[in-house]
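Here is the structure we will look at.
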Amino acid sequence: MEFIPVNEPLLDGNEKKYLNECIDTGWISSEGPFVKKLEQDMASYVGRNYAAAVCNGTVALDLAIEAMELSAGDEVIMPAFTIISCITGLIRRDIKPVLVDADPATWNMNVKQIEEKITSRTKAVMAVHIYGLPVDMDPVLKIAEKYGLMVIEDGAEAHGLNYRGKRCGSFGDISIMSFYPNKHVTTGEGGMVLTDSEKIYERSNSFRNLCHKPGYRFVHEELGFNYRMSNIQAAVGVAQLEKLEDHLERKRKMGEIYQELLKDNPRFQKPLKETPYAANVYWVFGLVLDKEDPMSAREAMEKLAKKGIGCRPFFYPMHLQPALRKIGMFEGERYPVAEWLYEKGFYIPSGLSLTEEQIMYIGEKVNEL
């Protein structure tokens, strides 16, 4: 068996056709028609009024913070267990991130801890959907309404995921998406901001394009960014979005096969198949060892790598990040579930190009552990 990468995208739709159209017409910059089509199609898919495509998911988060006019000294409640992209845009603006621990069953933020973290400076909650299951959004939205908070929804890993029958990407004041190659819809690199607010959209649209003054190009009353997505990226994304339902079906089938293969393996906690509010779309298939297990996630991944199986560790908790500890953040704070998930959690190959033969082999080698 050849080495199996942790992820390999599936590009078997109209990607080549649309890329050739970009080349043939000369529309390769952000001015091309595929950018607008991807924005319209994704907004329609999730049920938003507006969408602004950008060059990656990290800058989509930056843009969301800028568009919502959060200021230095404000506080945003967010999960300890997530990717560092969620926190960098806050820190650069002197906005204080306030952490909550993960839920040990879903691996998403523990929404029961949100309310106790609210202060007079709290302005928003950032809800990040993790690994194929959504945050329990009803309590988040109720708390936000009660305290007058904004909600930023990070749907980077949640393409096609539903919460109580409603698409992720449609919750709160603003949502973001990532189109990195391991996502259900990819543009290679890319991201998007989605909202129902015309004001937030207009600010997003302006700040992603250097904040040119309306009617006076190259005149700037605010300092914006070049966060634009190219027509070439968007062309791939349009083709990918056309295949999203097929991609979701493939992911669910992969998840079902893994669940069956590993059902009698007591060593690993496996992803929940469903919760009362959502069915897992298995963006990745994670495995978590018991806290008392002598093996670490790193050791398990090394053993599987020797069998030709690529794996990836779970997120390193925000409160332990060296770059953040160097600047004095999160001193004395502990988030034991997030720590356990990192120390004992990893995910096995989950890409859309994975074959059933590869899945069977992976299941066999995981069980040998």
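The values are calculated or read from the model by the stated rules, or taken from the named source; none is laboratory data. It should be emphasised that the depicted structure is a prediction, and the values quoted were computed from it without experimental measurement. All Cβ positions, even for glycine, are placed from backbone atoms using ideal geometry, and neighbour counts span all protein chains on display. Surface accessibility is based on the protein's heavy atoms, side chains included, excluding ligands, DNA and RNA. Shrake-Rupley method; radii C 1.70, N 1.55, O 1.52, S 1.80 Å.
The residues of segment 347-367 that are open to solvent by 30 Å² or more (accessible area, probe 1.4 Å), assigned to a helix (DSSP H, G or I) and touching a residue at least 40 places away in the same chain (Cβ under 8 Å), listed by number, are 356, 358, 360, 361, 364, 365, 367. Summed over segment 330-346, residues that are farther than 22 Å from residue 299 by Cα, touching a residue at least 40 places away in the same chain (Cβ under 8 Å) and not hydroxyl-bearing (Ser, Thr, Tyr) total 2.
If you go through segment 58-73 one residue at a time, do you hit one that is in contact with a Pro (Cβ under 7 Å, 6 or more places away or on another chain), surrounded by fewer than 18 Cβ atoms within 10 Å (Cβ to Cβ) and not β-branched (Val, Ile, Thr)? No: zero hits. When segment 35-50 is filtered for residues that are open to solvent by 20 Å² or more (accessible area, probe 1.4 Å) and part of a helix (DSSP H, G or I), the ones remaining, listed by number, are 36, 37, 40, 41, 44, 45.
Yes/no matrix, rows are residues, columns are (1) among the β-branched types (Val, Ile, Thr); (2) out of contact with any strand residue (DSSP E or B) (no Cβ under 9 Å at 6 or more places or on another chain); (3) open to solvent by less than 30 Å² (accessible area, probe 1.4 Å):
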| site | (1), (2), (3) |
| --- | --- |
| 213 | no, no, no |
| 219 | yes, no, no |
| 223 | no, yes, no |
| 238 | yes, yes, yes |
| 244 | no, yes, yes |
| 250 | no, yes, no |
| 280 | no, no, yes |
| 285 | no, no, yes |
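The set of residues in segment 315-338 being touching an Asp or Glu at 6+ places or on another chain (Cβ under 9 Å) and either assigned to a loop (DSSP other than H, G, I, E, B) or modelled with pLDDT under 95 (or both) consists of 317, 334, 335.
The residues of segment 53-80 that are under 17 Å from residue 129 (Cα atoms) and either among the basic types (Lys, Arg) or not in a loop (DSSP other than H, G, I, E, B) (or both), listed by number, are 57, 58, 60, 61, 64, 76, 77, 78, 79. Within segment 219-228, the residues that satisfy the criterion of being part of a loop (DSSP other than H, G, I, E, B) and either touching a residue at least 12 places away in the same chain (Cβ under 8 Å) or under 30 Å from residue 349 (Cα atoms) (or both) are 222, 223, 224, 225, 227.
Report the residue count in segment 160-218 for those that are in a loop (DSSP other than H, G, I, E, B) and either under 24 Å from residue 137 (Cα atoms) or not polar (S, T, N, Q) (or both). Number of matching residues: 26. Do we have any residue at all in segment 100-114 that's open to solvent by 50 Å² or more (accessible area, probe 1.4 Å) and either part of a loop (DSSP other than H, G, I, E, B) or hydrophobic (A, V, I, L, M, F, W, C) (or both)? Within segment 100-114, one or more residues are open to solvent by 50 Å² or more (accessible area, probe 1.4 Å) and either part of a loop (DSSP other than H, G, I, E, B) or hydrophobic (A, V, I, L, M, F, W, C) (or both). Quick one: in segment 313-346, of everything that is among the charged types (D, E, K, R) and buried (at least 17 other Cβ atoms within 10 Å of the Cβ), which residue is nearest to residue 100 (Cα to Cα)? Ranking the qualifying residues of segment 313-346, first place goes to 339. Applying the condition of being more than 18 Å from the chain's Cα centre (by Cα) and surrounded by 18 or more Cβ atoms within 10 Å (Cβ to Cβ) to segment 178-204 and asking which residue is farthest from residue 65 (Cα to Cα) yields 201. Considering only segment 120-136, I want to know if a residue exists there that is surrounded by fewer than 24 Cβ atoms within 10 Å (Cβ to Cβ), part of a loop (DSSP other than H, G, I, E, B), among the hydroxyl-bearing types (Ser, Thr, Tyr) and out of contact with any strand residue (DSSP E or B) (no Cβ under 7 Å at 6 or more places or on another chain). Taking every residue of segment 120-136 in turn, at least one turns out to be surrounded by fewer than 24 Cβ atoms within 10 Å (Cβ to Cβ), part of a loop (DSSP other than H, G, I, E, B), among the hydroxyl-bearing types (Ser, Thr, Tyr) and out of contact with any strand residue (DSSP E or B) (no Cβ under 7 Å at 6 or more places or on another chain).
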